[in-house]
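Note sheet for the following structure.
Read-outs: derived from the displayed coordinates by stated rules, not from any lab. Remember, predicted model here, so these are calculated numbers, not experimental data. Every residue, glycine among them, receives a Cβ derived from its backbone with ideal geometry; neighbour counts consider all protein chains shown.
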Protein chains: 2
Amino acid sequence: MTESLAEPDRAASALPTCTPDSRIVAARFAALSHPARIEILKHLSASRSCCCREVVDHLDLAQSTVSQHLKILVEAGLVRFEPDRQRSRYEVDHAALADVSASLAALVDSCCSGG
Amino acid sequence: MTESLAEPDRAASALPTCTPDSRIVAARFAALSHPARIEILKHLSASRSCCCREVVDHLDLAQSTVSQHLKILVEAGLVRFEPDRQRSRYEVDHAALADVSASLAALVDSCCSGG
DNA sequence: ATCGTTCATCGTCTATCGCCGATGAACGAT
DNA sequence: ATCGTTCATCGGCGATAGACGATGAACGAT
């Protein structure tokens with residue numbers, strides 16, 4: 001029997017394809033894995049007014065595209081959203097961002113101490 | 001002519017859709033944006049032997065899939081690769097990982113100080 | 001009441017991701 | 001010489017990302 005070649009019911013396996021923790025960390029990094037979103041984060045923190053339009057003017061992307069990027073950042077918990085009349089108010093969640101940074105620092109630390 | 005609707009030569013615009021710096025940082029985060037790759041990084045640092053096969057055993061993914069993930073990590077500069085007979089030797093580049101962490105820390109810092 | 005502005009969402013299109021099995025090269029062991 | 005193991009790569013497939021234009025809702029101003 002070619003057990004080593006055939007899949008021994010991989011789905012039922014108890015091997016940790018990826019731990020829940022890894023999933024969460026990876027999801028946070030995914031939100032940061034696009035240059036436009038990095039740029040948006042920088043702009044949000046540097047600017048005082050944080051409506052979608054202003055980001056569009058600064059970034060040279062279609063309004064719909066920017067809106068989607070903002071949504072991704074909000075869903076990742078890195079940016080807070082507050083509807084304000086017809087403008088939308090976006091601002092960086094510094095604590096969440098610091099938390100992601102800490103996660104990465106912890107990973108680096110575990111990599112160094114583990115070796 | 002609906003000039004306001006048509007694109008006013010967006011490509012020729014000098015607006016920074018994304019700075020080179022943002023591109024680089026985003027590319028690094030992209031390599032970290034998958035749970036399997038996070039898991040691989042943790043395993044590489046915790047284990048002494050770092051051949052592809054061992055990661056495959058630990059991770060419950062097809063060998064070809066793991067090989068691709070490793071390649072992505074190597075191309076991102078986060079993992080060093082050294083062919084060793086028929087085994088491949090992979091090890092975490094701690095300095096590069098620390099560098100990414102520093103980049104994120106700098107982003108967090110700019111977000112805090114900028115406001 | 002009407003118009004202009006801002007914004008989120010929808011539908012579409014293309015490119016890329018992530019997974020797999022299959023294949024062949026490289027190498028050690030018999 | 002032959003076989004088993006390890007590995008990278010190829011080709012294919014389904015799902016997702018990322019971009020856009022169009023549309024309609026919400027709101028301020030006239």
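Within region A:65-88, if we keep just the residues that are among the charged types (D, E, K, R) and more than 14 Å from chain B (Cβ to nearest Cβ), the residue that is surrounded by the fewest Cβ atoms within 10 Å (Cβ to Cβ) turns out to be A:Arg85. If you go through region A:89-115 and keep only what is at the interface with chain B (Cβ under 9 Å from one of its Cβ atoms) and assigned to a loop (DSSP other than H, G, I, E, B), you end up with just A:Gly115. Residue count for region A:75-88, restricted to those that are within 15 Å of A:Ile24 (Cα to Cα) and not in a loop (DSSP other than H, G, I, E, B): 1. Restricting attention to region B:52-77 and to residues that are of a type outside the set (A, V, I, L, M) and away from DNA strand C (no atom under 13 Å from the Cβ), the residue that is farthest from A:Val108 (Cα to Cα) turns out to be B:Asp57.
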